[in-house]
Amino acid sequence: MFPDGRLPSRRFRWVAWLTIAAMAAQTIAALFSPGNVGTTGLPNPLAMPTLAPVFDALNSFANLSAIFGFGGAAAALVVRFRRGGPIVREQLKWLIAVASVATVAFPTAFLLQPSDPSQPSAVADGMFLLGFVALLALPVTIGVAILRYRLYDIDRIISRTISYALVSGALAVVFVSAVIALEQLFTGFTQGQTLAVAGSTLLAFALFQPLRRRIQLGVDRQFDRARVDSERTATAFAGRLRDQVDIDTVMADLDGTVRGALRPSVVGLWLREHE
C-alpha cells in the first residue's frame, strides 16, 4: 500500500485478502490454542483443547500464507519502483533500506536456530532482535519517507554514516596502537601511561580531519553519487558556457544542468532586460 495507500494494480488484491485471512487465522489460533500464555507459565483461560487440530491447521495456514504475503509485498515494491517517478523512488528507498534488514535478519535467525531449544544461540537471538527492531522502525521510516522528501537524501545519510563509522574505527586503531607504542617508549618515566594517553589523543585529534576528508571522498563516490555527479555536471556546464554565445541555447543548457544537478521541484530563469 505504500506510499500512496493503494494497491499497485488489481492483480495484487489476492495478496491483500490472503494477508488479512492469515492475520485472522493467526489471531484466532493464538487466542484459543491450549498451552501457557507467553512466558508467564499460566494456562490459557480461553483454550479449547477439543479444537486443537483446527488451531494447528490455522497456524500452518498462517505460516504458509506469510511466504506468499511477503513475496507479494516484495513484488509490489519492485513494480512501484520501476513505474514510479523520482519522488516515489526516493520514498521507497527509505522503506526498502529498513525492510531489507528484516528480510535478511529473520531467515538468518531461523537458519541459525539450534535444534535443541534448551541450548540458545546468541547469534540467532541477536538476529531475531535485529529483525524485530527493523520491524518496529518501519512505521518511523514510512513517516520519514512521506514527510521529509527534499529535506534530506538517504544516499547522503548512508554515506555520512559509513564515513564516520570508518573514521571512528581508524582513529580507534591509531589511538590504541599509539598508546601501546608510547607506553613502551615512556617505560622509564613515572607518568609514562599518562603521557602515552595524552600523546595518542593529540595524534588522533590531528588525524581526524585528514582521515575524514579522504574517507568521505571515497565513500561519496560509491554511495553519494548525486553530489559527485552534480560537481561534474557544473564543471561540464562551465566548460560549454565558454564557447556558447546563443542565449536560447545557454538558457536551455542552464535549465537542464540545474535540474540534473539539484533536482528542484520548480526552476525559473530571470533575465534583466537590456537598458
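No value in this document is a laboratory result; all are computed from the given coordinates. Please read these numbers as outputs of a predicted model, since none were measured by experiment. Quick reminder, even Gly has a Cβ in these numbers, built from the backbone with ideal geometry, and neighbours come from all protein chains shown.
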Q. Residue separation times 0.36 nm, minus the C-alpha to C-alpha distance between residue 75 and residue 11: what's the value?
A. 21.9 nm
Q: Just rank 243, 125, fewest to most, by other beta-carbon atoms within 10 angstrom.
A: 243, 125
(Q) Let me check against my output: what whole-number percent is the relative contact order of region 1-58, with C-alpha pairs under 8 Å and at least 6 apart? (A) 26 percent
Q. Label residue 83 and residue 112 with points 7 Å out from Cα along Cα→Cβ: what is the distance between them in nm?
A. 3.8 nm
Q.
Modelling each spin label as a point 7 Å along the Cα-to-Cβ direction, I'd like the residue 247/residue 59 distance in nm, to one decimal.
A. 7.9 nm
**Q.** Long-range tail of P(r) for region 1-143 (Cα pairs > 28 Å, %)
**A.** 33 percent
